[in-house]
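Presented below is the structure to which this report refers.
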Amino acid sequence: MLGFLFGFNARLGRLHFFLATVALAVLMTAICFAIAMAVLRDTSPGMIRPDELVRNRAIIAAMVLFGAATFTLQSMRIRDIGWDPVCVVPAWIALMVVDHVVAGRFQAWAIGQEHQGTAVGALVNLVLMLALTFWPSADSEGSYAGPFQSRTHAASPSLTNERLVRVSQGASRPTWR
């Protein structure tokens, strides 16, 4: 069921991933703008406290919507690359959690005072986002091993091609080998 909910079984190509990410960013910017206008209509900007914003249900709903949509898009793109999102996504999340803990524990390793991560975590995030954006799609069977290997298929015909040849030659029953 999670495969259909988060797009673990769906595939999304490079261009579609990029365009969907841009569209999601535009949509979330509009949602955040609408929420900000609603909050600022009732109170002045100097009277807003950050702890009150965290309790706002609209902001929490927008965060959940944005997180689920991003998670789904990335899972669909990871599947299209030929990787297993059930393995890649938890490893990515675990690495980011460890990076956050390390940055909090060792302040000298953090990128900055306001930032809650290290340079290693930022580099891993950059590499993974570049891979999602630019890595070529795997073939339909999902047997794509790496970016430098040829995607030409072997000389052996597929099962579908064998059936088409058999039907075109007038064979009504499959021949057992």
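The values are calculated or read from the model by the stated rules, or taken from the named source; none is laboratory data. In this text the structure is predicted, and so the values were computed from the model without any measurement. Cβ coordinates were reconstructed from backbone atoms using ideal geometry, including for glycine residues, and neighbour counts include every protein chain displayed.
So the values come out like this:
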quantity: Boolean, Arg79 is under 21 Å from Leu15 (Cα atoms), at pLDDT below 85 and touching a Phe, Trp or Tyr at 6+ places or on another chain (Cβ under 9 Å); calculated: no
quantity: Evaluation of Pro85 against (1) modelled with pLDDT of 90 or more; (2) within 28 Å of Thr118 (Cα to Cα); (3) not aliphatic (A, V, I, L, M) (one fails), failing number; calculated: (1)
quantity: Qualifying residue in the range 56-66 (condition: in a helix (DSSP H, G or I), in contact with a Pro (Cβ under 7 Å, 6 or more places away or on another chain), under 27 Å from Phe134 (Cβ atoms) and touching a residue at least 40 places away in the same chain (Cβ under 8 Å)); calculated: no
quantity: Some residue of the range 30-39 being surrounded by 14 or more Cβ atoms within 10 Å (Cβ to Cβ) and under 30 Å from Leu128 (Cα atoms); calculated: yes
quantity: Of all residues in the range 124-155 being farther than 16 Å from Leu95 by Cβ and in contact with a Phe, Trp or Tyr (Cβ under 7 Å, 6 or more places away or on another chain), the one that is modelled with the highest pLDDT; calculated: Thr133
